[in-house]
Structure formats: structure tokens, C-alpha cells
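Below is one structure, written out as C-alpha cells, with a few remarks after it.
The values are calculated or read from the model by the stated rules, or taken from the named source; none is laboratory data. This structure is a prediction, so every number in the text was calculated from the model and none was measured. Positions of Cβ are generated from backbone atoms using ideal geometry, with glycine treated the same way; all protein chains shown enter the neighbour counts.
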């Protein structure tokens, strides 16, 4: 197991470095610069480029950035918040996006699993139909539709919750955004859980286990759900990253100061350091989540780990 994990970690680190290198090359080819103020002369731009090291070859800049990044230094903002350390920008914004995304993933996964299990057990009943309708609506309707519905009904009409995000009331302010974000997760997890559970429950070994008189609760949660988890984890992994790194539309609707809006502003103003830092965080989270998923595959079903080891051995 240790060898299996070590190989995945090495591959993940190499992948992350390749992503950063490609990003540096793409930014180098982008038109414009962080200093697009028309009042600046060419000489002044040259001084600013020299000050921030942007006049150096891209290889040197890349190596220097990696060295600084390993010490926790992502540089400073060039234009969004001039000379402000990027870590200071992230300190206030990143926790908000992570909290909202984490809440949405946790609530969405739990509700989706419950609905999917009930739909599979109560196949072709009203419960199955309700789950199917919820799944279709959750996948078909964008999150901002749910958000606007909640804003109008719960926030504006009933006045139960604040319309916009309030730093003084983070919990109440996060309820509507969390519900809006989690609907797609609920629908996706419920749909996949239902499909996989039906397939597993109808398999020969499950019928054999049932005929031996195994407790139905143990049969469903220890045997059926465990065998259905791998496809569910696979589809859930990208959703985790997407939600935990912020949804731009939801952040805009509720005026949430997260990292989604910060990334868009950085791209629009060519603030290279902010773009690279946020992309690094996105990539790190995505690769980290996929690494955890890869390890979970081996924990849930050891045959996957053994098969991969055998293949690499050949």
C-alpha cells in the first residue's frame, strides 16, 4: 500500500509542476501586461517590469517562483491591490469559498446518498419517481436559478434570511448559497447511487447473501453500498473541487467575497501573480482530491490496487 501511495504522490507532484509551467507559458503569450495604465510611458513600464522581475527569461522566473512558492510566498498583486501580498488576499477570501463549498458537498452528498438508496430499495414506487424528478431538475437547472428563487421567496418575500452575504452573520448568510450550490450534487449523487445500487442489488452474489438470511440493513450498507461507491466517488471528485473553490455566479448573486470573483478580476487585469496563485490552488486541490480518490479505490476494493501493481510490474 505504501508503494502504491508513493507512486501516486510522485505522479501528482510532477503533474502539478507541468501545469504551472504551461500556465507560465500561456501568460507569457497573453497580450498586454499588468501595467496597462495609459498614463505610463514605455520607460516607466520597463522600470516596473524590472522591479517585479518580469523582464527576466521565463525559465528563471519559473524557477524563482517555485522556490518562493515552497516557502509560502506567492508574490504580490500587480494591479488588483498593488503591492499587497497575495497570501493576504487569500486569507480572507479562501476560507469563505472553502466553507461554502464544503457545506454544499457535505449536505449534497448525504442527501443524494439517502435519496439514491431509497430510490433503489423502493424501485418503481412513488419514492423512486420523486428521486428521479429531483435528479432531473437538479441536473437541468443551473445553480443560479435555485439561487434567484431562494432570493425572491425566502430573502425578499419572507425575509427569513439576508439577501446578500454579511460578514457579521456568516452562517445565516451562507444558507441560501449552500442550498443553491448543493442541488447539482444532490441530483448527481442520487442518480448515480440509484443506478449503481440497482445493479448491485440485482447481482447474483447479493441474491445469494439475501438467501442466507443476512440482515437487510447490513446487506444494503455493508455490501451493496460499498460496491456502488467507486463510481459515485469518481463522479463526486471533480464536483468537490468545483464547489470548494467557489462558484462565480453564486458569489456574484450573493455578493460573496470568495476567490471566484478574485480570479476573474485577476485575468481581466493581467495580474499574473494572482492568476498563477489561484490556478495553483485550483490545481493543487484537484490533484489532491484525485489522489485521495485513487487511494480510496484501493481501500474500498483492494483488487484495483493489486491490478495496477501487477500492470506496472509487467
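Of the helices (runs of 4 or more DSSP H) entirely within region 174-275, those holding at least 2 residues that are at pLDDT 75 or above occupy 225-244, 248-253, 259-268. Picking from residues in region 156-173 that are in a helix (DSSP H, G or I) and farther than 20 Å from residue 248 by Cβ, the one that is farthest from the chain's Cα centre (by Cα) is 157.
Of the residues making up region 131-145, those that are surrounded by 13 or more Cβ atoms within 10 Å (Cβ to Cβ) and without any contact (Cβ under 8 Å) to a residue 12 or more places away in the chain number 1. For region 124-155, the set of residues classified as closer than 11 Å to residue 183 by Cα and in a loop (DSSP other than H, G, I, E, B) consists of 141, 142, listed by residue number. Condition check for residue 107 on (1) touching a residue at least 40 places away in the same chain (Cβ under 8 Å); (2) farther than 24 Å from residue 237 by Cβ: one failure, at (2).
Taking the criterion of being surrounded by fewer than 16 Cβ atoms within 10 Å (Cβ to Cβ) and modelled with pLDDT of 90 or more, the residues of region 146-156 that qualify are 148, 149, 152, 153. Restricted to region 263-277, and to residues there that are in contact with a helix residue (DSSP H, G or I) (Cβ under 8 Å, 6 or more places away or on another chain) and without any contact (Cβ under 8 Å) to a residue 24 or more places away in the chain, the residue that is farthest from residue 18 (Cα to Cα) is 264.
Can you tell me which residue within region 69-87, out of those that are surrounded by 13 or more Cβ atoms within 10 Å (Cβ to Cβ) and part of a helix (DSSP H, G or I), is modelled with the lowest pLDDT? Among those residues, the one meeting the criterion is 69. Do you know which of the residues in region 42-60 that are over 19 Å from residue 87 (Cα atoms) and surrounded by 15 or more Cβ atoms within 10 Å (Cβ to Cβ) is farthest from the chain's Cα centre (by Cα)? Applying the filter and picking the extreme gives 45.
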